[in-house]
């Protein structure tokens with residue numbers, strides 16, 4: 001049964017113009033997200049969907065992120081199309097007031113997510129465990145639905161230039177992961193690694209003067225400290241520095257790169273010991289030695 005169109009949702013909104021079409025930016029309480037943004041396209045064939053299918057394996061981790069960081073989690077805006085007749089009531093007739101107002105959406109309108117389906121599903125899971133999150137809000141950008149083809153094109157356009165940050169950049173900026181913080185300290189504390197570790201990129205060009213990436217050192221240090229009882233991040237970093245600097249003494253080419261007497265690109269090209277997989281293996285070897293020393 002269709003709802004009475006005289007009743008509906010009312011969103012405080014800002015009206016904008018993009019590609020000569022009006023759109024609206026608003027805030028939506030988290031408790032309403034699972035209720036108004038329904039996802040029921042899984043049984044449709046790909047060409048009839050406005051979105052990709054939901055990757056359910058991603059959801060537990062995203063929900064844990066919200067629940068584990070209730071004081072500082074961050075979610076970007078959800079983008080959705082409204083399949084229905086909307087009405088925008090501005091606060092005034094001219095100037096800034098004409099762009100701020102209320103967006104009225106009939107109760108029988110359908111909301112189609114163009115970008116943010118996994119955020120929506122993760123929010124639903126998090127709300128089951130902590131309903132108090134429902135009073136918080138997330139930004140939503142509303143477009144007026146112009147049919148399936150337009151929705152599919154919006155999805156393609158929104159994801160066309162989306163680039164996942166490099167693993168090294170993630171390690172560099174992650175302040176929740178103790179191992180990431182520890183690895184950054186290793187680079188800062190080590191007189192050897194300080195100038196030969198690429199902190200942002202996870203791949204190195206032939207001309208790069210860096211010998212290792214931060215992500216490779218992260219993986220190697222993870223293997224090194226796996227299962228060890230470490231007092232704190234500082235102590236773990238000091239232990240890792242001592243180990244890696246001792247290892248470096250046994251690879252003359254590493255020393256030559258640090259001293260600018262040999263090109264890092266040549267070493268990476270000609271020697272396997274400069275590759276991340278070898279750092280990982282050396283970390284495992286070091287872990288075995290440390291485990292034996294402590295028994």
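Pop the C-beta distance of residue 76 and residue 10 into the FRET formula with R0 = 25 Å and round what comes out to the nearest 0.05. Could you put the intermediate results ahead of the total?
On the way: r = 24 Å, r/R0 = 0.95.
That pair, residue 76 with residue 10, gives E of 0.55.
Relative contact order of the chain, please, whole-number percent, based on alpha carbon pairs below 8 angstrom and at least 6 residues apart.
Values: 452 pairs, mean separation 52.1, N = 295.
Taking the mean separation of contacting Cα pairs over the length of the chain, I get 18 percent.
If you take the alpha carbon radius of gyration of the range 8-160 and divide it by 2.2 N^0.38 Å, what ratio comes out, to two decimals?
Details: Rg = 16.0 Å, N = 153, 2.2 N^0.38 = 14.9 Å.
Taking N as the residue count of the range 8-160, the ratio is 1.07.
For a protection proxy built on the mean count of beta-carbon atoms within 10 angstrom, sort 108-117, 64-73 highest first, please. If you can, show how the numbers build up before the last one.
On the way: 108-117: 20.5, 64-73: 12.5.
Ranked by mean Cβ neighbours within 10 Å, highest first: 108-117, 64-73.
Can you give the extra length, in nm with one decimal, that the chain gains between residue 158 and residue 146 once fully stretched, where that is 0.36 nm per residue apart less the Cα-Cα distance? Before the final figure, lay out each step's value.
On the way: separation 12, 0.36 × 12 = 4.32 nm, distance 1.62 nm.
Roughly 2.7 nm would be gained on extension.
How much length is gained on full extension from residue 104 to residue 19, taking 0.36 nm per residue of separation minus their Cα-Cα distance? Walk me through the intermediate numbers first.
Numbers: separation 85, 0.36 × 85 = 30.60 nm, distance 2.22 nm.
Full extension from residue 104 to residue 19 adds 28.4 nm.
Using alpha carbons only, how many degrees (0 to 90, rounded to 10) separate the axis of helix 233-248 from the longest principal axis of the chain?
Long axis of 233-248 versus the principal axis of the chain: about 50 degrees.
Using Cα atoms only, what is the angle between the long axis of helix 59-68 and the major principal axis of the chain, expressed in degrees (0 to 90) to the nearest 10?
The answer is roughly 80 degrees.
How far apart, in nanometres, would the label points at residue 278 and residue 229 be if each is projected 7 angstrom from Cα along the Cα-to-Cβ direction?
Going from the residue 278 label point to the residue 229 one covers 3.5 nm.
With just the Cα atoms of the chain, tell me how far they stretch along each of the three principal axes, in Å, largest first.
So the extents along the principal axes, rounded to whole Å, are 78, 44, 43.
Under Stokes-Einstein, with the Kirkwood radius over Cα pairs standing in for Rh, what whole-number D in µm²/s applies to the range 167-293 at 25 °C and 0.890 mPa s?
On the way: Rh = 14.5 Å.
This corresponds to a translational diffusion coefficient of 169 µm²/s.
What is the angle, in °, between the Cα long axis of helix 214-225 and the longest principal axis of the Cα atoms in the chain? Nearest 10 is fine, range 0 to 90.
Taking Cα atoms only, the helix is inclined about 70 degrees.
Could you sort the peptides 280-286, 181-187 by per-residue average Cβ neighbour count (10 Å cutoff), highest mean leading? Walk me through the numbers before you get to the answer.
Details: 280-286: 17.3, 181-187: 22.3.
Top to bottom by mean Cβ count within 10 Å: 181-187, 280-286.
Given an 8 Å cut-off on Cα distances and at least 6 residues of separation, report the relative contact order of the range 167-293 as a percent.
Relative contact order of the range 167-293: 29 percent.
Gap in Å between the Cα centre of the range 163-214 and the Cα centre of the range 66-122?
Each part's Cα centre sits 38 Å from the other's.
Order of 275, 175 from fewest to most other C-beta atoms within 10 Å?
Details: 275 13, 175 9.
Arranged by neighbour count, lowest to highest, 275, 175 become 175, 275.
Taken together, the values in this text are just the output of simple stated rules run on the coordinates, not laboratory data. Keep in mind it's a predicted model, so treat the numbers as computed, not measured. For neighbour counting, all protein chains shown are included, and Cβ atoms are generated from backbone atoms with ideal geometry for every residue, glycine included.
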